[in-house]
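Visitor: Once you've had a glance at the structure underneath, I'll fire off some questions.
The values are calculated or read from the model by the stated rules, or taken from the named source; none is laboratory data. All of these numbers come straight from a predicted model, not from anything done at the bench. Ideal geometry is used to build each Cβ from the backbone, glycine not excepted, and the neighbour counts take in all protein chains shown.
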């Protein structure tokens, strides 16, 4: 039951992250006076990493564990590049999609 809730939180956070990453650059085109805040990306990364850490302790499927941690790694690389070099690497999209996929697979594998 706890893993089911973690999957729901993980899917929600990853979808919100993906929406943020897709919509925000479009909003930057419109002159609204808003700027990119790196800490929002960092918050999504921390939430995702905590959920993945808790979930991967409970699952035994090695491929699913690899998918989760590879996705977190891709998001981490993108967020760090944004912090250090102020460039946006599209790896964050692949990482968020990987997290969503991993959580859906993990959710479907549960015996509810």
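Visitor: What pairs come out if I take residues in segment 89-102 that are more than 14 Å from residue 13 (Cβ to Cβ) and pair them with residues that are surrounded by fewer than 17 Cβ atoms within 10 Å (Cβ to Cβ) whose C-beta lies under 8 Å away, six or more apart or interchain?
Guide: 89/77; 89/81; 91/77; 93/22
Visitor: Right, next: One residue is enough: does segment 8-15 have a residue meeting the conditions modelled with pLDDT of 90 or more and surrounded by fewer than 15 Cβ atoms within 10 Å (Cβ to Cβ)?
Guide: No, segment 8-15 has no match at all.
Visitor: Same structure again: Name the residues in segment 60-112 that are in contact with a helix residue (DSSP H, G or I) (Cβ under 8 Å, 6 or more places away or on another chain), in a loop (DSSP other than H, G, I, E, B) and at pLDDT below 90, would you?
Guide: 87, 88, 89, 90, 110, 112
Visitor: Checking residue 46 against (1) over 14 Å from the mean Cα position of the chain (by Cα); (2) loosely packed, with under 14 Cβ neighbours inside 10 Å; (3) without any contact (Cβ under 8 Å) to a residue 40 or more places away in the chain: exactly one of these is not met. Which one?
Guide: Going through the list (1) over 14 Å from the mean Cα position of the chain (by Cα); (2) loosely packed, with under 14 Cβ neighbours inside 10 Å; (3) without any contact (Cβ under 8 Å) to a residue 40 or more places away in the chain, residue 46 breaks only (1).
Okay, residues lined up against (1) closer than 19 Å to residue 95 by Cα; (2) at pLDDT below 90:
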| residue | (1), (2) |
| --- | --- |
| 28 | no, yes |
| 41 | yes, yes |
| 52 | yes, no |
| 56 | yes, no |
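Visitor: Report whether or not residue 32 is modelled with pLDDT under 85, surrounded by fewer than 18 Cβ atoms within 10 Å (Cβ to Cβ) and out of contact with any helix residue (DSSP H, G or I) (no Cβ under 8 Å at 6 or more places or on another chain).
Guide: yes
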